[in-house]
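Here the structure comes first, spelled out in structure tokens, and everything after it is commentary.
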Amino acid sequence: MIAENAVRDRLLRFLQNQLSLEAFEAWLVSESWDMHRDSSPSAQNLVVAIELLLAERSSSELSDARFRNELASLANNIISSVEIAPSAAQTVNSSAWNYQVPDVQLHLEQLAQT
């Protein structure tokens, strides 16, 4: 199981140069290999987004500066799953969004850093 707050903590440590990229990536891989079994959707979404950025960086699609900027953006956003109707979940990646559904107004604001 991998927890979203643990991923954010390690991500912030990397962004603050307290953890090497190699150490961060090794930790992420070892902790998330079976996350589909028991981790929250928000933790899974965050890990998948980070893994995509790692792949883009390793294939030279992203410069180091852009890579760090994209990771910082992930660190500052909360990924939330909102149950709208039974078996119909909507994922919202948001700093502060209004999401409209029939007869429901959801106002999602960025949560305090954990």
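Values in this text are rule-based calculations from the coordinates and carry no lab data. No experiment lies behind these values; they were computed from the predicted model shown. Virtual Cβ from ideal backbone geometry, glycine too; neighbours counted across all protein chains shown.
Here are some notes:
- Selection of chymotrypsin sites (Phe, Trp or Tyr not before Pro), the stretch 1-68, meeting DSSP coil and at most 16 other Cβ within 10 Å: Trp33
- Each Cα pair of the stretch 1-75 feeds into the Kirkwood radius, which the Stokes-Einstein equation turns, at 37 °C and 0.692 mPa s, into a diffusion coefficient of 265 µm²/s.
- Whole-Hz ³J(HN,Hα) from phi, Karplus 6.51 cos²θ - 1.76 cosθ + 1.60, for the stretch 20-25, glycine and proline x: 6, 4, 4, 5, 5, 5
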